[in-house]
Amino acid sequence: MSLNSTITILHLLVKQKKLDVKSKSLKLSQGEDREKTITLTCKKGLPSVNQIIKVKIVSGKKHVTISPAEAYTDENGKATFTITATEKKGNAVIRFKHKNLINNITVKVKKQ
């Protein structure tokens, strides 16, 4: 068994515990974008590496866009997404998900 195979098996055995999104709300001006970093940790608080985080807009799709639609966590358990406000004012809810872990943020798009 190679070292990479061993690492992969260990990651599969570690149960992810927390999907952390700092700040549950975000205010953007029309046309503005901002990066949002999500942190995934396991039960012992250690970073959960190379795990997929999916994202979708659950309401307010005409107010924001987000990219990428999914990203893998880095060596620190972090994945970064870019949220962009459209030209339409209003609120949106964005959901970040890893397996059964879900975390939402609310984005308010205001006039420039």
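Results, tabulated for the structure shown:
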item	result
Relative exposure of 32, 75, judged by other C-beta atoms within 10 Å (fewest first)	75, 32
Residue 54-residue 21 pseudo-label distance in nm [points 7 Å out on the Cα-to-Cβ vector]	1.5 nm
Nitroxide proxy distance, nm - points 7 Å out along Cα→Cβ at residue 110 and residue 93	2.2 nm
Counted charge near residue 22, where neighbours are those whose Cβ lies closer than 14 Å (Asp, Glu -1; Lys, Arg +1)	+3
Whether region 3-110 is rounded, prolate or oblate, judged on the alpha carbon gyration tensor where a/c under 1.5 counts as rounded	prolate
For region 3-110: relative contact order, % (alpha-carbon pairs under 8 angstrom, 6 or more apart)	32 percent
Size of charge dipole - the chain - debye, nearest 20, with Cβ of Lys, Arg +1 and Asp, Glu -1, no other charges	660 debye
Karplus 3J(HN,Hα) series, Hz, for region 86-103 with 6.51 cos²θ - 1.76 cosθ + 1.60 (x for Gly, Pro)	7, 8, 9, 6, x, 10, 9, 10, 10, 10, 9, 9, 9, 6, 8, 8, 10, 9
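Read-outs throughout are calculated quantities, based only on the coordinates presented, and are distinct from any laboratory measurement. The shown structure was predicted, so the numbers you read here are calculated from the model rather than taken from an experiment. Because the Cβ atoms are built from the backbone with ideal geometry, glycine has one as well, and the counts that use them run over all protein chains shown.
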